[in-house]
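Notes follow once the structure below has been shown.
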Amino acid sequence: MNIVTRAHRRQLERENAKRPAVLTEVPRPQWPEGGHQPDRVRVWVSRDYLVQEFACADPLVNARLSICRTSHNGERWDDGVSWDELMRIKREIGYGARDAVEIYPADADVVNVANMRHLWLVAGELAFKWKER
């Protein structure tokens, strides 16, 4: 469990307040630390969200978007990214015209290390989605 002190949270709040309200692409030298991730291809940040794009080798999926809030409650990154917020985030980073899916895996495959949402950008259009007729 990652405990963040009150002083660290206040510093994070000050840094977040300086960021723009809309997602802005982060130059590679300024990407967040957290291990070498060779499949990470783009990063965006705003005062509310951190979005990272990862390349996927699967022919059905072009990329995975990992989305988390930039605020911390002392034990974990804050939770509660709504469907409307996910749609806005996808649109803000240039993927508004693309279909994406969120996966709820089998119990044996669950990886839950942070309050983070993942969207997979699919290649082409999903045949099973609901849409205006």
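The values are calculated or read from the model by the stated rules, or taken from the named source; none is laboratory data. On a predicted model such as this, the values are computed, not experimentally measured, just so you know. So basically every Cβ, Gly included, is an ideal-geometry build from the backbone, and we count neighbours across all protein chains shown. Keep in mind that these areas ignore ligands, DNA and RNA; they rest on the heavy atoms of the full protein, side chains included. Shrake-Rupley method; radii C 1.70, N 1.55, O 1.52, S 1.80 Å.
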### Query
What figure in square angstrom, to the nearest 10, would you give for the accessible area of Ser82 with a 1.4 Å probe?
50
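Among residues other than Arg6 whose Cβ falls under 14 Å from its Cβ, what is the net charge (Lys/Arg +1, Asp/Glu -1)? Intermediate results must be reported in sequence, preceding the final value.
Details: positive: Arg9, Arg10, Arg14; negative: Glu13, Glu75.
Summing Lys and Arg as +1 and Asp and Glu as -1 gives +1.
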### Message
With an 8 Å Cα cut-off and a minimum separation of 6 or more residues, compute the relative contact order for the chain in percent.
### Response
23
### Query
Within the chain, what's the longest stretch lacking GluC sites (Glu not before Pro) that sit in DSSP loops with no more than 15 other Cβ atoms inside 10 Å?
34-74
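Out of all Cα-Cα pairs in the stretch 12-99, roughly what percent, to the nearest whole number, are more than 18 Å apart? Present the calculation step by step, with values, prior to reporting the outcome.
Numbers: 1791 of 3828 pairs.
Summing the P(r) of the stretch 12-99 above 18 Å gives 47 percent of all pairs.
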### Task
Can you run the Rg to Rh ratio on the stretch 30-69? Use alpha carbon positions and the Kirkwood inverse-distance Rh.
1.00
### Query
Which far-off residues, 5 or more places away or on another chain, put their amide H under 5 Å from the one on Trp77, with H placed in the peptide plane?
Asn115
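Grab the DSSP H runs of the chain that are 4 residues or longer, score each as -39,500 (n - 2.57), total them, divide by all residues and round the 222 nm result to the nearest 500 deg cm²/dmol. All intermediate terms of the calculation are to be shown ahead of the outcome.
Values: 2 runs with 23 residues, N = 133.
That calculation yields -5500 deg cm²/dmol at 222 nm.
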### Task
Treating the angle as unsigned and between 0 and 90°, give the value, to the nearest 10°, between the Cα long axis of helix 6-18 and the longest Cα principal axis of the chain.
60
